[in-house]
Amino acid sequence: MKDKKIKPDRRFSIANREAIIGCLLAAFNILWWYGFAYGMGSKSPEEYTYIFGFPAWFFYSCIVGFIVMAVLVAVVVKFVLKEMPFTDDGEEDEVDSV
Amino acid sequence: MNWGVVIPLFIFLVIVFLAGIWSNRKMSGSASFISDYFIGNRELGGLVLAMTMVATYGSASSFLGGPGAAYSIGLGWVLLAMTQVATGYFVLLILGKKFAIVTRRYNAITLIDFLKERYQSKSVVLLSALSIIVFLFSAMAAQWVGGAYLIQTVTGISYTSALFIFTVSVLIYVIIGGFRAVALTDTIQGVVMFTGTLILLIAIVVAGGGVSAIFSDLIAENPNLVTPYGQDGQLSSLYVSSFWILVGVGVVALPQVAVRAMSYRDSKSMHRALIIGTIVVGFIMLNMHLIGVFARPVLPGIEVADRVIPLVALDVLPSWLAGIVLAAPLAAMMSTVDSLLLMVSSSVVKDVYLNYMKPNASHSHVKNVSMGVTAIVGIVAFILAINPPELLIFLNLFAFGGLEAAFIWPIVLGLYWKFANKYGAIASMITGIGAYIGIHFYNEAYGNLFGVHTVTIPVILSLIVFVAVSLLLKQKAYVFPHRKIGA
């Protein structure tokens with residue numbers, strides 16, 4: 001019985017770590033989005049450069065930014081997030097995968 | 001009537017009905033009605049979970065209002081809309097596995113069940129139920145109005161008949177199918193939105209003579225349209241950035257979104273939903289708002305923002321295809337309305353009626369009450385939407401921001417801070433809603449306080465109040481139960 005109480009805590013510490021990863025992803029997303037949009041977009045429109053027809057600030061901030069986030073999320077899911085059971089019964093057989 | 005457009009729309013509605021009926025047959029075999037009706041027995045897979053989150057979140061405003069704003073404001077509004085990419089991964093990662101484990105131990109079916117167990121306070125429950133019922137009911141009735149306008153624009157029938165069709169369609173599948181039907185139809189609707197926006201974007205780029213040509217037309221008209229600052233330079237970088245709170249990270253606190261974070265089957269479903277959700281929400285938001293900007297040179301001079309998408313679709317697409325594409329905003333509205341409807345009736349039935357009025361209700365009694373309340377809420381929304389009162393429009397303005405200000409810290413701190421207690425939660429909810437209403441009026445009268453969106457300051461204030469009050473009236477550190485309660 002006693003060691004059963006330890007396992008849920010371990011799942012919680014994994015969950016806490018993944019919540020922090022969520023915040024880091026959002027922080028990175030904001031920096032990328034803001035940096036390209038206002039870093040390249042604040043000059044006057046006559047000086048804009050264009051990529052595939054889009055103004056460069058928009059292309060990097062919104063289009064590339066979205067693709068980068070989708071790839072990052074996929075990488076995080078594949079390599080960082082851990083699988084775990086959500087129920088407390090039948091814990092033993094699934095603990096190995098944690 | 002334009003049959004070429006109406007027939008695809010009609011086929012779409014029939015498919016949605018069939019999904020509701022199919023879910024109902026699946027449900028009748030299930031043991032626990034209440035858990036199945038309101039949360040689908042926690043067995044959503046990855047694709048359905050991702051789609052139902054995207055579809056619930058992407059409402060009339062993303063499909064009609066948002067692109068309409070992009071039409072008049074330009075690329076700055078697309079930049080603003082892209083803050084929503086975060087909703088694809090943030091909600092599931094923040095509430096994440098801890099929420100999934102804890103809500104299972106609590107036997108929680110609604111967001112309020114979670115708050116009730118965590119804070120052990122009747123005031124928290126009643127305050128939350130009241131906010132959900134008032135704010136979400138208004139948000140829902142406003143979508144009702146949007147749905148009716150869209151059907152009216154496309155078919156040419158009267159507003160009241162359009163409203164009637166919309167109400168009947170939504171009520172039938174929500175009442176008979178519950179959450180599972182909603183999640184399933186959300187998936188169909190999500191797929192329709194995804195493909196609909198893609199088709200329309202391609203069509204409009206072709207109609208405008210390519211991306212480069214469209215941008216030179218825009219610059220020729222007004223160079224500000226291609227800057228991040230809006231057509232009059234009215235969007236400051238600070239203001240646009242504050243939308244990260246309203247439509248990005250704050251979405252964690254929307255009850256209709258949070259409830260989905262307790263409905264998935266296992267961690268594998270959640271992982272898949274993270275990837276699919278991020279891609280789908282980003283793709284839809286980017287395309288939909290770009291369509292709004294690109295529509296400007298293609299079809300200049302549209303006065304009513306909400307009509308940009310329907311008019312452009314009818315203009316650049318053959319009518320049968322326009323019918324399919326216009327099923328997308330209809331899908332967006334229906335999928336938002338159905339979740340809100342279920343959310344409101346679950347607050348009434350589960351959080352108030354079963355908690356405090358009739359805790360020992362029998363299985364069949366609960367079933368009848370759930371379906372009955374869902375029907376009544378829907379019909380009241382219909383009656384209100386026939387002639388929407390000022391109050392409704394007014395409350396709808398508060399709906400998302402108000403709910404976020406009320407719920408974000410009770411949920412997040414309740415989950416991750418052991419010293420979060422009921423006094424902090426109550427104080428934070430009152431501060432959040434109060435400050436939101438106060439600042440709303442201030443901003444209307446004097447312009448945005450500190451140049452940020454209304455939601456920003458209440459969210460910060462309610463955090464400070466939550467932490468201060470929790471520490472001031474400090475209780476023993478909270479420990480989550482180690483196993484299912486009552487088991």
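The values are calculated or read from the model by the stated rules, or taken from the named source; none is laboratory data. Since the structure is predicted, the reported quantities are computational estimates derived from the model, not experimental observations. Here Cβ is always computed from backbone atoms with ideal geometry, including for glycine, and neighbour counts include all displayed protein chains.
Applying the criterion of being of a type in the set (Gly, Ala, Ser) and buried (at least 24 other Cβ atoms within 10 Å of the Cβ) to the residues of segment B:277-310, the residue that is nearest to B:ILE214 (Cα to Cα) is B:ALA295. B:LYS116: surrounded by fewer than 24 Cβ atoms within 10 Å (Cβ to Cβ), in contact (Cβ under 8 Å) with a residue 60 or more places away in the chain and either within 14 Å of chain A (Cβ to nearest Cβ) or out of contact with any helix residue (DSSP H, G or I) (no Cβ under 6 Å at 6 or more places or on another chain) (or both), yes or no? Against the criterion (surrounded by fewer than 24 Cβ atoms within 10 Å (Cβ to Cβ), in contact (Cβ under 8 Å) with a residue 60 or more places away in the chain and either within 14 Å of chain A (Cβ to nearest Cβ) or out of contact with any helix residue (DSSP H, G or I) (no Cβ under 6 Å at 6 or more places or on another chain) (or both)), B:LYS116 does not qualify. Listed conditions (1) under 21 Å from B:VAL249 (Cα atoms); (2) at the interface with another protein chain (Cβ under 8 Å from one of its Cβ atoms); (3) more than 10 Å from the chain's Cα centre (by Cα) are all met by A:ARG17, apart from (2). If you go through segment A:29-48 and keep only what is buried (at least 16 other Cβ atoms within 10 Å of the Cβ) and among the small types (Gly, Ala, Ser), you end up with A:ALA37, A:GLY41.
Take the conditions (1) of a type in the set (S, T, N, Q); (2) surrounded by fewer than 24 Cβ atoms within 10 Å (Cβ to Cβ); (3) assigned to a helix (DSSP H, G or I); B:ASN360 misses just one of them, which is (3). Screening segment B:206-218 for residues that are of a type outside the set (D, E, K, R) and closer than 20 Å to B:ALA69 by Cβ and picking the one that is nearest to the other protein chains (Cβ to nearest Cβ) gives B:PHE215. Among the conditions (1) aliphatic (A, V, I, L, M); (2) in contact (Cβ under 8 Å) with a residue 12 or more places away in the chain; (3) within 14 Å of another protein chain (Cβ to nearest Cβ); (4) assigned to a helix (DSSP H, G or I), the only one that B:ALA183 does not satisfy is (3).
From the list B:GLY250, B:GLY301, B:GLY292, the one residue that fits, being more than 18 Å from the chain's Cα centre (by Cα), closer than 27 Å to B:ASN443 by Cβ and not hydrophobic (A, V, I, L, M, F, W, C), is B:GLY292. Within segment B:41-55, can you find the residues that are of a type outside the set (A, V, I, L, M, F, W, C) and either modelled with pLDDT of 75 or more or farther than 30 Å from B:SER364 by Cα (or both)? Within segment B:41-55, B:ARG42, B:GLU43, B:GLY45, B:GLY46, B:THR52 qualify. Could you run through segment B:227-240 and say how many residues are touching a residue at least 40 places away in the same chain (Cβ under 8 Å), in a helix (DSSP H, G or I) and surrounded by fewer than 23 Cβ atoms within 10 Å (Cβ to Cβ)? The number of residues fulfilling the criteria is 2. Residues that are more than 7 Å from chain A (Cβ to nearest Cβ) and more than 21 Å from B:MET429 (Cβ to Cβ) within segment B:249-279 comprise B:ARG260, B:SER263, B:TYR264, B:ARG265, B:SER269, B:MET270, B:ARG272, B:ALA273, B:ILE276, B:GLY277, listed in sequence order. A single member of A:ILE67, A:ILE51 is at pLDDT 95 or above and surrounded by fewer than 16 Cβ atoms within 10 Å (Cβ to Cβ), and it is A:ILE67.
Residues being within 25 Å of B:PRO329 (Cα to Cα) and within 16 Å of the chain's Cα centre (by Cα) are represented in segment B:71-81 by at least one member. Meeting the requirement of 1 or more residues that are under 19 Å from A:PHE66 (Cβ atoms) and touching a residue at least 24 places away in the same chain (Cβ under 8 Å), the helices (runs of 4 or more DSSP H) wholly within segment B:241-337 are B:267-298.
Of all residues in segment B:468-487, which are charged (D, E, K, R) and facing another protein chain (nearest Cβ under 10 Å)? B:ARG483, B:LYS484 - these are the residues of segment B:468-487 that are charged (D, E, K, R) and facing another protein chain (nearest Cβ under 10 Å). Would you confirm, using the coordinates I've provided, whether B:ILE172 is surrounded by fewer than 20 Cβ atoms within 10 Å (Cβ to Cβ), part of a helix (DSSP H, G or I) and at pLDDT below 75? Against the criterion (surrounded by fewer than 20 Cβ atoms within 10 Å (Cβ to Cβ), part of a helix (DSSP H, G or I) and at pLDDT below 75), B:ILE172 does not qualify.
For segment A:24-40, the tally of residues that are in contact with a Leu (Cβ under 8 Å, 6 or more places away or on another chain) and either within 8 Å of another protein chain (Cβ to nearest Cβ) or modelled with pLDDT under 95 (or both) stands at 3.
Does segment B:146-154 contain at least one residue that is among the hydroxyl-bearing types (Ser, Thr, Tyr), within 22 Å of the chain's Cα centre (by Cα) and more than 26 Å from B:GLY372 (Cβ to Cβ)? Yes, some residue in segment B:146-154 is among the hydroxyl-bearing types (Ser, Thr, Tyr), within 22 Å of the chain's Cα centre (by Cα) and more than 26 Å from B:GLY372 (Cβ to Cβ).
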